[in-house]
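Before any comments, here is the structure.
Where a number appears in this text, it was derived from the coordinates with a stated rule and is not lab data. These numbers were taken from a predicted model, which means no experiment stands behind them. So basically every Cβ, Gly included, is an ideal-geometry build from the backbone, and we count neighbours across all protein chains shown.
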Amino acid sequence: MIQRPRGTRDLLPPETRLWQAVERVAQDVFGAFGGDEIRTPIFESTELFVRSVGESTDIVHKEMYTFPDRKGRSLTLRPEGTAGVARAWIENSLNDRSHPLRLYYIGPMFRYERMQAGRYRQFAQIGLEILGANGPLADAELLVTLDEFFRRLGFDDLEFHINNLGDPEDRPHYQALLKQRLGLRRGELCRDCQRRFDENPLRILDCKVPACREVAKDLPAVDEVASEASRGHVRAVEAQLARLGVRFVRNPRLVRGLDYYLRTVFEVVSPQLGTNTVLCGGGRYDRLIADLGGPAMPGVGFAVGEDRIVQVLPASFRDAVLALPRLYLVPLGERARDEALGLAAGWVRAGVRLELEVAGRSVKAALKRADREAFSFVAILGDDELAAGVIAIRDLARSVEESVALSELPAWITRQTASSS
Ligand code: AMP
C-alpha cells in the first residue's frame, strides 16, 4: 500500500472542524484589527529563502525541500511565510498603497525536520505582518492582536516571552563578544553549535542541548550591548503590554532561528508543551524588504503553528465546535423518501444543520447510528406524518419526542438549542 510521506498527516473529520474554527477566529480577529488576507505561492525561488531566512540558519542549511524544475531552475517549498510576503510586497508595488498594511496568511509550510513529537515536515502556519510602521506601537498592536486571538480560542495560561535582539549594527560587536567568551569552552558545545560558533554564534544562546545551555547561561544578553534606540523600543513595547495586562516575561536567551529579525523578538509558550515546542514566534524585521531589493520598509510579524494550537486547544472551544447541534432526518416509506431531500434543502436554507438518511436504514438501525454519531436530534418522516404535514422529532440528549409541523421545524430546533445552552 502507498503511504503518506514521513512527517505529513491526513487531517480527518471531525478534527478538520477544529482547524476551520481556528482559522475563522484568525480571520475574524485579524480582520477586526484592520488586516487583510494575502495568498502567496507555496513554492518560490530558492534564492528568496537563502537571502531572507539566512544561509547559516538551520532552515536553509538542512531543512528545505529544494528541487530543480524541468528547466533546471531551483525552487523551494516555502519553509515559512514572511519571505513570500516581502517578495510579494516588492513585486506588486504594495509600497504605493497607504501604510501600514496588515497582511495575514494561513497555509502549509514545509521543513525537512528530524522526526519528533509536534514536528512535522508539512505543517500549517497562521501569520500576521504589519508592514510600514517602525514604532513600538505597531509591535504592541501585533502582540495584542495575537493575545485576542488566543483569548477567543479560550486560552488563559499562555506566556509571551520577549527579547531585544538589538540592531544589525550591534550584531558584529555582540558576536565578537560571544566568541571571546565562548572561545575556551568551544569544545563543550554540541556539533551544531560548533558550526554556529563560526557562522552565527547568536544561535548558541537558544540551543536546547543541556551542555550548550550550561555554557550559555553565563553569556551576556544582547540587550546589554544593544543600541539605546533598540533598548528603548523594546521597553516601550513591554510597557504597552503591561498596561493592557498581557502576561509576558523578558527572556534574554530568546534569539529565534531566522536571520532577519532585529529589536523585538517573541515567542508564545504553552505550559503544556514547554519551551521546546512553542506555539508562535515572531519579531521585527525592518531591513528585510530592502535586503531583497525593495524600498526601506519596516515590518513586524508572527507565525502561529496551527498544528500545535489544535493539539492544545482548550476544552471549552473544542467542545463548542464539536458539539454543533445536528439533525438526522430519516424518511420512511416511498413518498417520504421522495419529499425528504426537498424538505432538507429548505431547512438547510433556514439555517438548520442536518444529515439526510440516504442509505435506506430502518428506524432501528437509524436510531443506533444516531446514538453512535452523537446527533442532537432525530426526525422520522413517515408517509402518514407527511400527509398530515408534521414530523416526529426526538431530542436525544433529553429524550423528549414531539410532533412538529414541517414548516415549524427550524424554529423548533432553534428553541431547543437556545434553551439547552
Ligand atoms: P518559526 O517559523 O520557526 O518561527 O515557527 C513558528 C511556529 O510554527 C512555531 O512556533 C511552531 O508552532 C510552528 N512550527 C514550526 N516548525 C514546525 C514543524 N516542523 N511542525 C509543526 N509546527 C511547526
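Given R₀ = 51 Å, what would the calculated FRET efficiency be for Arg114 paired with Ala345, taking r from the Cβ atoms and rounding to 0.05?
E between Arg114 and Ala345, to the nearest 0.05, is 0.50.
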Per the Debye formula with a single identical scatterer at each Cα and no solvent contribution, what log10 I(q)/I(0) holds for region 1-153 at q = 0.15, 0.17, 0.20 Å⁻¹? -0.95, -1.17, -1.38
Phi angles of region 195-209, converted by Karplus (6.51 cos²θ - 1.76 cosθ + 1.60, θ = phi - 60°) into ³J(HN,Hα) in whole Hz with x for Gly and Pro, give 5, 4, 3, 7, 8, 6, x, 4, 5, 5, 4, 10, 5, 8, 5
To the nearest Å, what is the center-to-center distance of region 264-340 and region 1-71, using C-alpha atoms only? 13
At most 10 other Cβ within 10 Å, DSSP loop - trypsin sites (Lys or Arg not before Pro), region 169-251: Lys208, Lys217
Net charge (Lys, Arg +1; Asp, Glu -1) of residues whose beta-carbon lies under 10 Å from that of Phe43, Phe43 excluded, is -1
Under 5 Å from the placed amide H of Leu262, counting only residues 5+ away or on other chains, we find Arg284, Tyr285, Asp286
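Can you list the trypsin sites (Lys or Arg not before Pro) in region 287-365 that are in a DSSP coil and have 13 or fewer other beta carbons within 10 angstrom? Walk me through the numbers before you get to the answer.
Working: sites: Arg287, Arg308, Arg318, Arg326, Arg335, Arg337, Arg349, Arg353, Arg361, Lys364; in loops: Arg287, Arg326, Arg353, Arg361.
Sparse-neighbourhood loop trypsin sites (Lys or Arg not before Pro): Arg353.
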For region 314-325, 3J(HN,Hα) per residue [Karplus equation, 6.51 cos²θ - 1.76 cosθ + 1.60, θ = phi - 60°, Hz, x = Gly/Pro]: x, 4, 4, 5, 3, 5, 5, 6, 6, 9, 4, x
FRET E, pair Glu224, Ile2, Förster distance 60 Å, beta-carbon r, rounded to 0.05: 0.65
Got the relative contact order for the chain handy, in percent, Cα pairs under 8 Å and 6 or more residues apart? 16
Run the numbers on region 290-405 and let me know its relative contact order in percent, using alpha-carbon pairs under 8 Å that are six or more apart. 24
Please report how far the C-alpha centroid of region 171-222 lies from that of region 97-139, rounded to the nearest whole angstrom. 27
Residue-span extension gain [Gln272 to Lys368] - 0.36 nm each, minus C-alpha spacing: 30.8 nm
Percent relative contact order for region 4-78, counting Cα pairs under 8 Å at least six residues apart, stands at 25
Estimated vicinal HN-Hα couplings, Hz - region 371-378 in sequence order (Karplus 6.51, -1.76, 1.60; Gly, Pro = x): 5, 4, 8, 6, 5, 7, 9, 10
